[in-house]
Every structure is written in C-alpha cells, then in structure tokens.
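Student: The structure is given below, and queries will be raised subsequently.
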Amino acid sequence: DVKVTQSSRYLVKRTGEKVFLECVQDMDHENMFWYRQDPGLGLRLIYFSYDVKMKEKGDIPEGYSVSREKKERFSLILESASTNQTSMYLCASSGTSGGPYNEQFFGPGTRLTVL
Amino acid sequence: AQSVTQLDSQVPVFEEAPVELRCNYSSSVSVYLFWYVQYPNQGLQLLLKYLSGSTLVESINGFEAEFNKSQTSFHLRKPSVHISDTAEYFCAVTVIQGAQKLVFGQGTRLTINP
C-alpha cells in the first residue's frame, strides 16, 4: 500500500514564526503536492513538484515556499506564519506510469493553528 | 481554466435512503472526473473515476456516478446509504499539465441519521 505520512497531525504556532510541514511518501512517486483545505472552499493547490528540486506554483502560493531535496520528501514552509494561514494542510503524491491518469494518494493532514 | 461546483454543502439523509451529491464542472477541453471521500479525521481517498468508456462508473461500496457531457455533470448516487457513509465528498477534475493537477469542488458533507 502507498503510504503518505505527514510529520504532525496538529500544530500550534505563533504569528511571525517560521513553520515547516513535512511530507514523506514511500512509493517512489515522482509527483508531490501540497493543498490547503478550508470549509466551503474545498482543497486548493499551493505548490507541486514533479521531480527532485523542481517546483511549480499552484493556485495560492502566496506566503508559502516548498523544498524537495529528496524524491520521497516534500516540505512546505511558511516563512512568517499569519492567522489567515490557519487551516488543514494535505500532502499528496502520484506516480507517472499508470496510463492516462495516475491516482493521487493523500496523507492524513496537518491541522495548523496560528495564534 | 477548469472549475468544479458542488451544489450542496451539506446533505442530511436517513439511513437506507437514497442520496445524490451533485457536481458540475466547466472546461473547454476534455476532462477526467473523480470523486474523493474523506472520512472523519482521515485524508482523502479516491472513491471512483471517469477516464473514458462507459459513462457510468461504480465504486466497490455501492456508489456510482454518471458522466453527462451535455450537462457537464458528474453526480454521485447511492440507492441506500449506511451510517458508515458519513463523510465529506469532493468532486474533482484533472488539469493535464505536468503532474496532472486536480481541481476540487467545495465539498459536500454527507450526514446519515439513524
């Protein structure tokens, strides 16, 4: 089974802190994604990566950056956390060998609260 | 650009009743369509997908969805729901670009009452 793990289920930080959210997948997937999930807005893509050291902006990249130094690990960084970044953050990964579409597999999420 | 609209934010139903969760999309090109489910305190899981072929697709737990190109819809149905179906359901479309990004709808929270 594909496993996507996220470093914390719950996280509480203060405004202005630098926050790291870590995601690790064990299926040698090329693609990795970071989403945020908010009530009434569904999931919105923050950043994605299709290879080591490669990254592309999603729909809401402002206030975030990412790092992918190893294939299995994709980190989301909040340089200076703000209260409007309080949200559920979901990581996902997918391969590239499954035909027309490769399923995205999701981690359990990190609920971040910024005070 | 693609977009997805889920018309109901919450759907309460009684156990063993039928249910339909509505999903409409907009796109200028052909799309792949998906339903994901999120059970309480869990991540998302793929429920079913439409890639090509038969417009009616089914999941292993009794859900089905029908792709209707003329109405740009992909509604999710189940003839008889169970308490264990309580979850949030997300409709999504692909954007074929690089890593096959997904565009999600707002989600529908399905609550099953005994």
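The values are calculated or read from the model by the stated rules, or taken from the named source; none is laboratory data. Keep in mind the model is a prediction, meaning the values are calculated, not measured. When we count neighbours, we look across all protein chains shown, and the Cβ atoms used for this are built from the backbone with ideal geometry, even at glycine. Ligands, DNA and RNA are excluded from the accessible area calculation, which covers all protein heavy atoms including side chains. Shrake-Rupley method; radii C 1.70, N 1.55, O 1.52, S 1.80 Å.
Residues checked against (1) closer than 22 Å to A:GLN25 by Cα; (2) touching a residue at least 12 places away in the same chain (Cβ under 8 Å):
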site	(1), (2)
A:PRO39	no, no
A:LEU43	yes, yes
A:ASP51	yes, yes
A:GLY58	yes, yes
A:GLY63	no, yes
A:LYS70	yes, yes
A:ARG73	yes, yes
A:TYR89	yes, yes
A:SER94	yes, yes
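Student: On to the next question. Please return the ranges of strands (runs of 3 or more DSSP E) entirely within segment B:35-114 where 3 or more residues are within 14 Å of chain A (Cβ to nearest Cβ).
Tutor: On the way: elements: B:44-50, B:56-58, B:64-68, B:73-78, B:87-95, B:101-104, B:108-113.
Where strands (runs of 3 or more DSSP E) fall fully within segment B:35-114 and carry at least 3 residues being within 14 Å of chain A (Cβ to nearest Cβ), they are B:44-50, B:87-95, B:101-104.
Student: Is it fair to say B:SER30 is at pLDDT below 90 and either over 29 Å from A:CYS91 (Cβ atoms) or in a strand (DSSP E or B) (or both)?
Tutor: When the stated conditions are applied, B:SER30 does not pass them.
Student: Checking the conditions here, which among A:ARG9, A:ARG111 is out of contact with any strand residue (DSSP E or B) (no Cβ under 6 Å at 6 or more places or on another chain), under 27 Å from B:GLN106 (Cβ atoms), within 14 Å of chain B (Cβ to nearest Cβ) and touching a residue at least 60 places away in the same chain (Cβ under 8 Å)? Break it down stepwise before answering.
Tutor: On the way: A:ARG111 fails: out of contact with any strand residue (DSSP E or B) (no Cβ under 6 Å at 6 or more places or on another chain).
It is A:ARG9.
Student: Answer with yes or no whether A:GLY40 is in a loop (DSSP other than H, G, I, E, B), among the small types (Gly, Ala, Ser) and within 10 Å of chain B (Cβ to nearest Cβ).
Tutor: On the way: in a loop (DSSP other than H, G, I, E, B): yes; among the small types (Gly, Ala, Ser): yes; within 10 Å of chain B (Cβ to nearest Cβ): yes.
Spelling it out, A:GLY40 is indeed in a loop (DSSP other than H, G, I, E, B), among the small types (Gly, Ala, Ser) and within 10 Å of chain B (Cβ to nearest Cβ).
Student: Based on this model, can you work out whether A:ASP51 counts as of a type in the set (D, E, K, R) and in contact with a Ser or Thr (Cβ under 6 Å, 6 or more places away or on another chain)? Quick ask: steps written out before the conclusion?
Tutor: Working: of a type in the set (D, E, K, R): yes; in contact with a Ser or Thr (Cβ under 6 Å, 6 or more places away or on another chain): no.
Spelling it out, it is not the case that A:ASP51 is of a type in the set (D, E, K, R) and in contact with a Ser or Thr (Cβ under 6 Å, 6 or more places away or on another chain).
Student: Next up: Here's a check for you: in segment A:12-33, which residue that is within 15 Å of A:GLN104 (Cβ to Cβ) and outside any loop (DSSP other than H, G, I, E, B) is nearest to the other protein chains (Cβ to nearest Cβ)?
Tutor: Once the filter is applied, the top-ranked residue is A:ASN31.
Student: For B:VAL29, indicate whether it is farther than 30 Å from A:SER8 by Cβ, within 14 Å of another protein chain (Cβ to nearest Cβ) and surrounded by fewer than 21 Cβ atoms within 10 Å (Cβ to Cβ). Talk me through it step by step, then tell me what you get.
Tutor: Numbers: farther than 30 Å from A:SER8 by Cβ: yes; within 14 Å of another protein chain (Cβ to nearest Cβ): yes; surrounded by fewer than 21 Cβ atoms within 10 Å (Cβ to Cβ): yes.
Considered against the rule, which asks whether it is farther than 30 Å from A:SER8 by Cβ, within 14 Å of another protein chain (Cβ to nearest Cβ) and surrounded by fewer than 21 Cβ atoms within 10 Å (Cβ to Cβ), B:VAL29 comes out as yes.
Student: While we're looking at this one, here's another question. Hey, among A:TYR47, A:TYR64, which residue is open to solvent by less than 50 Å² (accessible area, probe 1.4 Å) and touching a Pro at 6+ places or on another chain (Cβ under 9 Å)?
Tutor: Values: A:TYR64 fails: touching a Pro at 6+ places or on another chain (Cβ under 9 Å).
Exactly one of A:TYR47, A:TYR64 is open to solvent by less than 50 Å² (accessible area, probe 1.4 Å) and touching a Pro at 6+ places or on another chain (Cβ under 9 Å), namely A:TYR47.
Student: A follow-up question, please. Considering only segment B:70-102, state which residues are at pLDDT 95 or above, open to solvent by 60 Å² or more (accessible area, probe 1.4 Å) and within 12 Å of B:ARG22 (Cβ to Cβ).
Tutor: The one that is at pLDDT 95 or above, open to solvent by 60 Å² or more (accessible area, probe 1.4 Å) and within 12 Å of B:ARG22 (Cβ to Cβ): B:ARG77.
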